[in-house]
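Working notes, beginning with the structure itself.
Quick note: the coordinates plus some simple rules give every number you see, no bench work behind them. Source: prediction; values computed, not measured. Backbone-built Cβ (ideal geometry, glycine too); neighbour counts: all protein chains shown.
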Amino acid sequence: MNFCPGPNAPDTRPLSRRAFLRHAGGGFGMTALAAMLRCDSLLAAENPQSAIGNPQSANPLSPKQPHFAAKAQRVIFLFMSGGPSHVDLFDPKPDLVRLAGQPIPESFGTFKTRRAVAKNKLLPPCRPFQARGQCGMEISDFLPNIAGHADDLCLLRGCYGDSVTHPESVYLMNTGTILMGKPSLGAWTAYGLGTENQNMPAFVVMPDPAGWVKGGAPAWSNGFLPATYQGTILRGGESPILNLNTPKGVSAQQQLATVNLINQLNRGSLPAGEENSELTARIAAYELAFRMQSHAPEVVDISKETDATRKLYGLDSKVTAEFGLRCLFARRMVERGVRFVQLYCGDTNGWDGHSDVDGNHTKLCAQSDLPVAGLLKDLKSRGLLDSTLVVWAGEFGRMPMSEGSNGRDHNPHGFSMWFAGGGVRGGQIIGATDAVGLRAVEERTHAHDIHATILHLLGFDHTRLTYRHNGRAERLTDVAGNVITKALA
């Protein structure tokens with residue numbers, strides 16, 4: 001027989017620690033806690049990053065102030081899925097040309113590495129390199145349009161990672177760890193800054209419609225952060241945001257009434273003092289979804305863009321139109337206050353040139369080179385580049401030796417990426433790999449350093465942007481990471 005307690009029955013649900021302190025001794029415990037937190041500068045009002053959102057607001061995406069004045073207000077992350085070859089794109093190696101067809105010299109790598117690749121000969125770059133811009137940065141003929149912006153690029157040639165496999169390396173570059181389930185860089189940005197436009201998500205992700213990155217959705221996950229901060233997927237086609245349109249036969253007034261009723265019931269279940277719970281995030285998600293129904297369609301409506309702008313992004317060409325459209329969407333989003341936009345270039349295999357790296361990179365560079373250059377030019381012409389950080393990177397690079405006759409295997413030991421805009425000093429190269437591009441040897445930069453630098457440009461001390469999880473103050477950079485000060489303008 002089921003027992004149903006009456007309305008006056010005592011509440012036997014377990015108390016949270018916060019509720020216990022609030023009730024014990026007439027609330028004296030909570031007063032003492034507040035005093036101790038204030039001494040340590042951990043009160044939410046004094047340190048916006050010590051808790052989710054503003055305690056005076058139920059909206060976890062309300063705009064928040066960073067730790068110090070930011071040079072970048074927003075980020076566009078261009079992720080080249082599959083691992084682009086640094087020695088074919090951004091890292092010229094004369095010795096790789098001189099020693100082409102020969103085994104890797106004994107001076108490189110451990111005996112195990114040499115033995116594993118002894119049958120594979122050094123493969124020269126597929127395209128020649130040219131000095132570009134006033135800075136003289138050498139960039140491959142694979143990327144003639146991006147090369148035209150050499151003076152805006154801060155090129156990191158000494159990057160390295162922790163894994164040789166795709167999913168783990170994708171997670172590392174996106175979440176700071178090779179393990180699945182941690183919050184992504186975009187989620188941390190949304191958590192730290194909120195959004196400038198309450199009618200749009202803070203973090204938007206545009207996967208390649210031909211196939212998602214290896215590792216999938218955990219690459220843009222909220223991890224242990226509340227669900228409010230996960231990436232919102234934007235797809236191609238007539239309905240780029242799923243479930244956005246109002247159901248047929250339901251008016252806007254009816255839907256608003258439904259959302260208000262749901263949130264009223266949810267708020268009635270929200271205990272006093274628990275404003276930072278997952279239920280609050282659910283309430284905010286309902287409200288944001290309703291507002292997006294009115295505002296998001298305008299963001300993806302490019303009918304008013306000029307012919308010159310369409311051509312700038314390559315919308316007039318079948319080869320560049322798809323990625324170009326997503327780059328144009330990215331500009332329109334950051335223009336309207338979205339904090340973090342991530343675009344993936346390359347299907348499930350993408351830049352993974354295990355065989356015929358020349359053919360593979362010819363295809364992917366043709367798709368992305370013009371749109372990326374168009375994005376940089378468009379941001380600059382609109383006065384947005386100085387406050388928008390553009391990041392170009394993959395999960396790792398490629399080996400200098402051949403795989404088969406004309407391919408390259410994964411190389412997490414040394415690869416290249418670049419920053420532009422957003423407080424970065426362009427026209428410079430930081431770091432270097434060895435003579436054939438196998439390993440990073442000078443001014444080496446790990447994913448933790450890259451993330452620390454991005455957060456710094458957004459106004460955050462990466463060691464202070466934390467979230468309490470399982471009794472530990474977790475952060476994007478774990479217990480490592482140094483800001484690449486040379487990259488800063």
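For T232, list long-range residues whose amide hydrogen, built 1.01 Å from N in the peptide plane, is under 5 Å from its own amide hydrogen.
Close amide H contacts, sequence-distant or interchain: F203, V204, V205.
What distance in nm separates the simple spin-label points at V97 and V441, each placed 7 Å from Cα in the Cβ direction?
1.9
Work out how much length K121 to R235 would gain on full extension: take 0.36 nm times their residue separation and subtract the Cα-Cα distance, in nm to one decimal.
Numbers: separation 114, 0.36 × 114 = 41.04 nm, distance 4.14 nm.
The span from K121 to R235 would gain 36.9 nm if fully extended.
Where a ≥ b ≥ c are the square roots of the eigenvalues of the C-alpha gyration tensor, would you call segment 376-489 rounded, which needs a/c under 1.5, or, failing that, prolate if a/b is larger than b/c, or oblate?
Oblate, since a/c reaches 1.5 and b/c is not below a/b.
Please give the length that would be gained between D356 and A308 if that part of the chain were fully extended, namely 0.36 nm times their separation in residues minus their C-alpha to C-alpha distance (nm, one decimal).
This chain segment gains 13.8 nm when fully extended.
If r is the Cβ-Cβ distance from A489 to R382 and R0 is 22 Å, what FRET efficiency results, to the nearest 0.05?
E(calc), rounded to 0.05, equals 0.70.
Hey, what do the phi angles of segment 361-368 turn into as Karplus ³J(HN,Hα) couplings, whole Hz, using 6.51/-1.76/1.60 and θ = phi - 60°, x for Gly and Pro?
6, 4, 5, 5, 5, 4, 6, 10
How big is segment 144-220 by Rg and Dmax over its Cα atoms, in Å?
Radius of gyration, then largest Cα-Cα span, for segment 144-220: 15.3, 40 Å.
Could you calculate the contour length gain from E106 to C135, that is, 0.36 nm times the residue separation minus the distance between their Cα atoms, to one decimal place in nm?
Length gained, E106 through C135: 7.0 nm.
What is the set of long-range amide H partners of G158 at a cut-off below 5 Å, with H atoms built 1.01 Å from backbone N?
Placed amide hydrogens put A432, T445 under 5 Å from G158.
In which sequence would R326, R98, R472 go, from the one with the fewest C-beta neighbours within 10 Å to the one with the most?
Working: R326 25, R98 12, R472 9.
Ascending number of Cβ neighbours within 10 Å: R472, R98, R326.
So if R0 is 41 Å, what FRET efficiency would S405 and E335 give, r being the distance between their Cβ atoms, rounded to the nearest 0.05?
Here the calculated transfer efficiency is 0.30.
With θ taken as phi - 60° and the coefficients 6.51, -1.76 and 1.60, list the Karplus ³J(HN,Hα) couplings across segment 401-414 in order, rounded to whole Hz; mark glycine and proline as x.
8, 7, 10, x, 9, 8, x, 9, 8, 5, 9, x, 7, x
Could you state the per residue volume, in Å³, of the convex hull enclosing the Cα atoms of segment 409-464? Don't jump to the answer; show the numbers that get you there.
On the way: hull volume 5.5 nm³, N = 56.
In segment 409-464, the Cα convex hull volume per residue is 98 Å³.
Got a sec? How would V75, V372 order by Cβ neighbour count within 10 Å, fewest to most?
Ordered from fewest to most neighbouring Cβ atoms within 10 Å, V75, V372 come out as V75, V372.
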